[in-house]
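The values are calculated or read from the model by the stated rules, or taken from the named source; none is laboratory data. Bear in mind the structure is a predicted one, so any value in this text is a computation, not a measurement. Reconstructed Cβ throughout: ideal geometry from the backbone, glycine too, with neighbour counts over all protein chains shown.
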């Protein structure tokens, strides 16, 4: 009963995402036609529409729902129910928990209406600037993430008619990406992720509070330690696809290896790179288990002096970072918006023949958003699985393990690429690595709960029974 | 004791990570598998809303043991000492004969009684005022034990509800006289040759256990569930090994 309800909910969610993405396409196409008619530059309208729909609607909605999801999902992982007490006082909804979503509305109202407090000795301008930096830089990263493929505007329903009535050429490309064809691509992500730490450091310094300063310092040193590994872990992918643009990498991953049996996904070619990038991004996001800059039980955090929506910006920027990481990882390593089927099966060609270009684009976009949601879930699952790292362990993991491993990964990838430019050797090595990790996980005997043995009496360990 | 050395080594070994654990990634994946299993079970599995939450059916899949308190209330165990009630007779008058036994034995001195007299009743005395201050009450149940007439009971299975004023916790006789009526064959107003013991609807075990020779069926042992694992059974060898003898 409950399983059927949840499954129906998930299917409904997919349909909702598809409908929303179709609307996004139509909005982008229509605005493109309008700007094309006004000053002959349709890409301006497409970019403006995508900025609003993708950044302000898609990313913001997913990020703010993640605030509820974090509590609800962590509850499910810990055998609890989670927040369900906030109710909407509307007729018919009074007794409905609505999956805890009213909690997020209540949180928003609380954040916005709380006192906006500035400590007397805080450095006013920087104190105000810090949350903006944290929020804006996390936000802008999504500009280079391709959500759905390029479609000619004439293929989009309603838009072609509009173009004809306004007398505009309807063959300009429309894709759900804010900045398509932007050459720096991945470097743009590194650059703005690097600026994000200014938010943390400035918040710590401008608050004029020792605990906040400590948090800011920890944030900056963590950033320095992981930024290099972060960049190095993607060099392999850059060499493989010979580009920095995410949409080109996405298209490159649609290629079939071994006669189309295996899609050339980044995770198959660069499993070590995937693990390194995921880990380093976690540390960059300051998400647990790398949450040394904030520690409720010790230094509170770099945002200790912030209240109301200023704190809310720090919090939401963390969740936006989660969404962006999900988007980037799925674009780089999980085939982007391409369906998880071997190219030899021809699923996408069949869909194109059945649904047309626009239908295929919507399906692929839905696929991408679902991948992002699953990756967000994975990040939260890791956060609720792992204990927190000690600060010196964070540093030694970054400098002594991730960085050498990333360098070794670059060297090995380069050699394999030189030996076999068709990527098949790389895929064999990558699959062997995956097989090694999976086999080790499955086969190594579980460590049994240990009992501490003392002479003369027995203390049972593990089960809690004596 | 030859085992001291072995014990030390065991403790050191438990503190150290094996090479496999140092690889970290497989252990993270294993941890994720545990988290994911719980997540999926609790997401898709039906929840047994039985208020007896410790013995919920885990077979539906859901492992959540949360009690949604105001809507789901855990049943109190049999014999729970709830708030008092003055037991009524069949005719609605209190069984109490205002003997002051309960007020005398009460260690918290929370019972206050004033006695009146019936003109036409085999029981002459009755309480005109019977007050229990629930804030003073220590819920020891001595009043129930002391009562010679089975006139005060704590079988309401309710705890004292909250009040806005202190005065609200001082329960007058109107508030105490409630629940099902109770009669005993020995009651003077019922003493007839053919009188049988009437059934106590509210507490069916009462009469059976105290006044009958019929055996009472014991409560069934609870099943072993996700929240009540079976206690571990140690073999003799394991005990010997663990105790180092």
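Here are a few things to note about the model shown:
- Filter pass, residue A:130 being modelled with pLDDT of 90 or more and either within 27 Å of residue A:193 (Cα to Cα) or not in a helix (DSSP H, G or I) (or both): yes
- Restricting attention to the stretch B:115-128, the residues that are touching a residue at least 12 places away in the same chain (Cβ under 8 Å), over 17 Å from residue B:176 (Cβ atoms) and loosely packed, with under 12 Cβ neighbours inside 10 Å add up to 1.
- Residue check for residue B:112: touching a strand residue (DSSP E or B) at 6+ places or on another chain (Cβ under 8 Å), within 19 Å of residue B:174 (Cβ to Cβ) and at pLDDT below 90: no
- Among the residues listed as B:245, B:183, the single one being over 30 Å from residue B:47 (Cα atoms) and at pLDDT below 80: B:245
- In the stretch A:224-267, residue surrounded by the most Cβ atoms within 10 Å (Cβ to Cβ) [restricted to those that are under 19 Å from the mean Cα position of the chain (by Cα) and in a loop (DSSP other than H, G, I, E, B)]: A:253
- Failed item in (1) within 15 Å of the chain's Cα centre (by Cα); (2) in contact (Cβ under 8 Å) with a residue 40 or more places away in the chain, with residue A:367 passing the rest: (2)
- Among the residues of the stretch B:108-131, the ones that are within 18 Å of residue B:145 (Cβ to Cβ) and in contact with a helix residue (DSSP H, G or I) (Cβ under 7 Å, 6 or more places away or on another chain) come to 3 in all.
- Filter result for residue B:133 (surrounded by 14 or more Cβ atoms within 10 Å (Cβ to Cβ) and closer than 17 Å to residue B:182 by Cβ): no
- Against the test of being surrounded by fewer than 17 Cβ atoms within 10 Å (Cβ to Cβ), away from chain B (no Cβ under 14 Å) and closer than 30 Å to residue A:195 by Cβ, the options A:45, A:92, A:108 yield a single qualifying residue, A:108.
- The criterion of being surrounded by fewer than 16 Cβ atoms within 10 Å (Cβ to Cβ) and either more than 27 Å from residue B:183 (Cβ to Cβ) or without any contact (Cβ under 8 Å) to a residue 40 or more places away in the chain (or both) does not hold for residue B:141.
- Qualifying residue in the stretch B:70-80 (condition: within 14 Å of chain A (Cβ to nearest Cβ) and either touching a helix residue (DSSP H, G or I) at 6+ places or on another chain (Cβ under 7 Å) or modelled with pLDDT of 85 or more (or both)): no
- Some residue of the stretch A:344-354 being without any contact (Cβ under 8 Å) to a residue 24 or more places away in the chain, outside any helix (DSSP H, G or I) and more than 30 Å from residue A:318 (Cα to Cα): yes
- Test: residue B:66 is within 14 Å of another protein chain (Cβ to nearest Cβ) and within 30 Å of residue A:444 (Cβ to Cβ): no
- Taken over the stretch B:132-146, the criterion of being touching a helix residue (DSSP H, G or I) at 6+ places or on another chain (Cβ under 8 Å), assigned to a loop (DSSP other than H, G, I, E, B) and farther than 15 Å from residue B:173 by Cβ is satisfied by B:135 alone.
- Test for residue A:295: is it part of a loop (DSSP other than H, G, I, E, B), more than 19 Å from the chain's Cα centre (by Cα) and closer than 21 Å to residue A:130 by Cα: yes
- Taken over the stretch B:22-63, the criterion of being at the interface with chain A (Cβ under 7 Å from one of its Cβ atoms) and in contact (Cβ under 8 Å) with a residue 24 or more places away in the chain is satisfied by B:38, B:63.
- When residues in the stretch A:55-83 are screened for being within 14 Å of chain B (Cβ to nearest Cβ) and in a helix (DSSP H, G or I), 9 of them pass.
- The stretch B:161-180, residues that are surrounded by 15 or more Cβ atoms within 10 Å (Cβ to Cβ) and either over 30 Å from residue B:120 (Cα atoms) or at pLDDT below 90 (or both): B:169, B:170, B:179
- All of A:394, A:316, A:320 fail the test of being farther than 21 Å from residue A:142 by Cβ, touching a helix residue (DSSP H, G or I) at 6+ places or on another chain (Cβ under 7 Å) and crowded, with 16+ Cβ neighbours inside 10 Å, apart from A:394.
- Options A:326, A:308: the member that is closer than 30 Å to residue A:125 by Cβ and either crowded, with 23+ Cβ neighbours inside 10 Å or in contact (Cβ under 8 Å) with a residue 40 or more places away in the chain (or both): A:308
One line per residue, one yes/no per condition, for (1) surrounded by 17 or more Cβ atoms within 10 Å (Cβ to Cβ); (2) touching a strand residue (DSSP E or B) at 6+ places or on another chain (Cβ under 7 Å):
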position: A:2; (1), (2): no, yes
position: A:24; (1), (2): yes, yes
position: A:30; (1), (2): yes, no
position: A:81; (1), (2): yes, no
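- Here residue A:389 does not fit the description of being surrounded by 16 or more Cβ atoms within 10 Å (Cβ to Cβ) and farther than 21 Å from residue A:319 by Cα.
- Taken as a whole, the structure places residue A:269 among residues that are touching a helix residue (DSSP H, G or I) at 6+ places or on another chain (Cβ under 8 Å), touching a residue at least 24 places away in the same chain (Cβ under 8 Å) and over 24 Å from residue A:380 (Cβ atoms).
- Of all the numbered requirements in (1) buried (at least 17 other Cβ atoms within 10 Å of the Cβ); (2) out of contact with any helix residue (DSSP H, G or I) (no Cβ under 6 Å at 6 or more places or on another chain); (3) within 19 Å of residue B:148 (Cβ to Cβ), residue B:86 misses one, and that requirement is (2).
- Screening residue A:86 with (1) under 30 Å from residue B:35 (Cα atoms); (2) in a helix (DSSP H, G or I); (3) more than 13 Å from chain B (Cβ to nearest Cβ) gives one miss only, at (2).
- If the condition is being surrounded by fewer than 13 Cβ atoms within 10 Å (Cβ to Cβ) and either in contact with a strand residue (DSSP E or B) (Cβ under 8 Å, 6 or more places away or on another chain) or within 14 Å of chain B (Cβ to nearest Cβ) (or both), then the stretch A:11-22 contributes only A:11.
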